[in-house]
Amino acid sequence: MEQIVVFDMDGVLAEVTESYRQAIVETVAHFTGQRIERDLIQDYKNRGGWNNDWALSQKIALDLGVELPYDTVVDYFNEIFIGPNHGDGLISRESWFPEPGMLERLQQRFGIALFTGRLQYEAEITLKRFAPGISFDPMLCAEHVTKAKPAPDGLLDIQTMKPGAKLWYVGDTVDDARSARAAGVEFIGIVSKHHSTREEILRLFAQEQAVAVVENVNEIESVL
């Protein structure tokens, strides 16, 4: 039986503390005049349903007393995230979690795929920078699914594309875990031992029946 490891991107393959998370901080500050702590962002993420960072920025601003049109939030967020030269904004601060050779070794045993809440062009900026030789098949991004995580649509689509294959989904949020559970896919959770809400995330992963939890993506070979 073919086995496919499906990766989430943010917090799993790419370190996004200084990119997506900082873009939320800067967007909220721009519109509300208030600087939030990153732990507040994690609190929203742990509640579930906030996989979309544009919508989360809008929600946090609203909770701080400023109501904003969604498109206004998206435009500003993208301006600082992508940058004027298509990749020189906050996205340029990202780093790559997989150690050299890890994904290549994995490909010798498994198919690898990507299911991310990023838009495809955002994903490609980071993939071209850090993993130009790696092919994710398929690669499903935000615009490819009708309903975003925690809905299982992306994983169900991959099951349709790869009939009979066993899927594993590797993610770092409760929405990833809920998406996998709803699709009937084995979930491997990632949470660093230094994470500010580690115990809460471990509880959520257990609740969603994660088959394993590791500290970073480089440990999944031993689990698989």
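The values are calculated or read from the model by the stated rules, or taken from the named source; none is laboratory data. Owing to the predicted nature of the structure, the values given are computational and were not obtained by experimental measurement. Counting neighbours? That spans all protein chains shown, and the Cβs are built from the backbone with ideal geometry, glycine included.
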Margin query: Here's a check for you: in the range 96-127, which residue that is without any contact (Cβ under 8 Å) to a residue 40 or more places away in the chain and part of a helix (DSSP H, G or I) is farthest from Gly154 (Cα to Cα)?
Written below: Glu104
Notebook entry, point to check: Can Ile158 be described as in contact with a strand residue (DSSP E or B) (Cβ under 8 Å, 6 or more places away or on another chain), touching a residue at least 12 places away in the same chain (Cβ under 8 Å), crowded, with 22+ Cβ neighbours inside 10 Å and part of a helix (DSSP H, G or I)?
Noted result: yes
Checklist line | Among (1) in contact (Cβ under 8 Å) with a residue 60 or more places away in the chain; (2) basic (Lys, Arg); (3) not in a loop (DSSP other than H, G, I, E, B), the one test that Lys149 misses | finding: (3)
Note to self: Take the residues in the range 115-139 that are under 20 Å from Ile82 (Cα atoms) and of a type in the set (Ser, Thr, Tyr); name whichever of them is surrounded by the most Cβ atoms within 10 Å (Cβ to Cβ).
What the structure shows: Thr116
Item checked: Candidates Glu199, Glu143, Glu208 - the one that is among the charged types (D, E, K, R), in contact with a strand residue (DSSP E or B) (Cβ under 9 Å, 6 or more places away or on another chain) and either over 17 Å from Leu13 (Cα atoms) or not assigned by TED's automatic domain parsing to the domain that holds Asn46 (or both) -> Glu208
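So which residues in the range 163-178 are without any contact (Cβ under 8 Å) to a residue 60 or more places away in the chain and assigned to a helix (DSSP H, G or I)? Steps first, answer last, please.
Here is the first cut: in the range 163-178, the residues without any contact (Cβ under 8 Å) to a residue 60 or more places away in the chain are 163, 177.
Answer for the range 163-178, where residues must be without any contact (Cβ under 8 Å) to a residue 60 or more places away in the chain and assigned to a helix (DSSP H, G or I): just Ala177.
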Notebook entry, point to check: If Glu15 passes every condition in (1) touching a helix residue (DSSP H, G or I) at 6+ places or on another chain (Cβ under 7 Å); (2) under 30 Å from Ser135 (Cβ atoms); (3) of a type in the set (Asp, Glu) but one, which one does it miss?
Noted result: (1)
Check: So, in the range 161-191, of the ones that are among the charged types (D, E, K, R) and surrounded by 17 or more Cβ atoms within 10 Å (Cβ to Cβ), which residue ends up farthest from Trp50 (Cα to Cα)?
Finding: Lys162
